[in-house]
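Enquirer: Have a look at this one before I ask anything.
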Amino acid sequence: VLASLPLQVMLYFNVYYFPVWCLAEGMMLQLKYHLLPWHYQFLLITAFLILSLAEGSRLYLGYLGNLQEK
């Protein structure tokens, strides 16, 4: 079984688009943060952190698994 080329291409582009998404999402969060109640502020920050960590680990494990054929 060889590494999947389409998966590797998608991971490659996703690695470069992820920081752009993170920057855009962080800027939008900063712009609307002060307009929201405190519980929405907490939920937005929590969701942003969880999604960022999950996406980063997904990309790392995808690269690791695809290149090592796991």
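The values are calculated or read from the model by the stated rules, or taken from the named source; none is laboratory data. Every value quoted in this text rests on a predicted model; they were computed, and no experiment measured them. Here Cβ is always computed from backbone atoms with ideal geometry, including for glycine, and neighbour counts include all displayed protein chains. For accessibility, only protein heavy atoms count, side chains too; no ligands or nucleic acids. Shrake-Rupley method; radii C 1.70, N 1.55, O 1.52, S 1.80 Å.
Enquirer: State the number of residues belonging to the range 1-42 that are more than 16 Å from the chain's Cα centre (by Cα) and among the aliphatic types (A, V, I, L, M).
Expert: Of the residues in that region, 9 qualify.
Enquirer: Within the range 57-70, can one find any residue that is at positive phi and touching a residue at least 40 places away in the same chain (Cβ under 8 Å)?
Expert: Scanning the range 57-70, I find at least one residue that is at positive phi and touching a residue at least 40 places away in the same chain (Cβ under 8 Å), so the answer is yes.
Enquirer: Right, next: Quick one: in the range 11-51, which of the residues that are open to solvent by less than 100 Å² (accessible area, probe 1.4 Å) and hydroxyl-bearing (S, T, Y) is modelled with the highest pLDDT?
Expert: For the range 11-51, the residue satisfying everything is T46.
Enquirer: Picking from A3, A54, which residue would you name as being in a loop (DSSP other than H, G, I, E, B), of a type in the set (G, A, S) and either open to solvent by less than 100 Å² (accessible area, probe 1.4 Å) or on the phi > 0 side of the Ramachandran plot (or both)? Quick ask: steps written out before the conclusion?
Expert: Details: A54 fails: in a loop (DSSP other than H, G, I, E, B).
Just one listed residue meets the conditions, A3.
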